[in-house]
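The values are calculated or read from the model by the stated rules, or taken from the named source; none is laboratory data. What you see is a predicted model; the values in this text were computed from it and never measured. Cβ: placed from backbone, ideal geometry, glycine included. Neighbour counts: every protein chain shown. The area values use the complete protein model at the heavy-atom level, side chains included, leaving out ligands, DNA and RNA. Shrake-Rupley method; radii C 1.70, N 1.55, O 1.52, S 1.80 Å.
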Amino acid sequence: LNLTLEPISLTTFTDKLDVLFSHCRFEYDFDHTQIFADKIFFEQVLINLCKNAIEAGASQVRLTSRRVKHGVQIDIIDDGHGFANPDNLFVPLFTTKPEGQGIGLTFCRNIIEQHQGSLQLTNNAEFNKGEAGVTASILLPEKPTL
């Protein structure tokens, strides 16, 4: 995988998400907007994670970002039905969707790891009892070394 890392503002992606998923309400709360990423691959990750949220019944998706030690954390928080079996999230070719292929989350994690970052998915109920949905947390280094 050949990444072209450049400084990008997270606001670059908001219009595309709003247009692609016009039937869903997006909310953006960026405390820190600049990331170093491959624009095309990172956009694919965001699109895939938002698409998963909407396919899980989300009516609202909130994207947040903030500086953390040595990097930036981006959270994609939805109000969908969450995961019934979080143990299989990153198992290649495992899917619960009738038309699914089971490669989306594995692809996303691989791309983020190529950026020297990490991707975690957690049911929101684990943080806040009774709250629906999932939080996908992407942690990217301030400036990856390639």
Among the residues that make up segment 54-73, is at least one of them modelled with pLDDT of 95 or more, of a type in the set (S, T, N, Q), in contact with a His (Cβ under 7 Å, 6 or more places away or on another chain) and under 20 Å from N123 (Cα atoms)? yes
Would you check if there is a residue in segment 25-40 being of a type in the set (S, T, Y), open to solvent by 30 Å² or more (accessible area, probe 1.4 Å) and either closer than 21 Å to N123 by Cβ or at pLDDT 90 or above (or both)? yes
Of all the residues that make up segment 15-31, how many are within 18 Å of V72 (Cα to Cα) and in contact with a Leu (Cβ under 8 Å, 6 or more places away or on another chain)? 3
Filter segment 55-69 for residues that are open to solvent by 10 Å² or more (accessible area, probe 1.4 Å) and β-branched (V, I, T) and give the result. T64, V68
For the structure I just gave you, tell me whether V72 is under 16 Å from L105 (Cβ atoms), touching a residue at least 12 places away in the same chain (Cβ under 8 Å), hydrophobic (A, V, I, L, M, F, W, C) and surrounded by 15 or more Cβ atoms within 10 Å (Cβ to Cβ). no
Of the conditions (1) closer than 23 Å to E113 by Cα; (2) touching a strand residue (DSSP E or B) at 6+ places or on another chain (Cβ under 6 Å); (3) of a type outside the set (K, R); (4) surrounded by 15 or more Cβ atoms within 10 Å (Cβ to Cβ), N52 fails just one. Which one is it? (2)
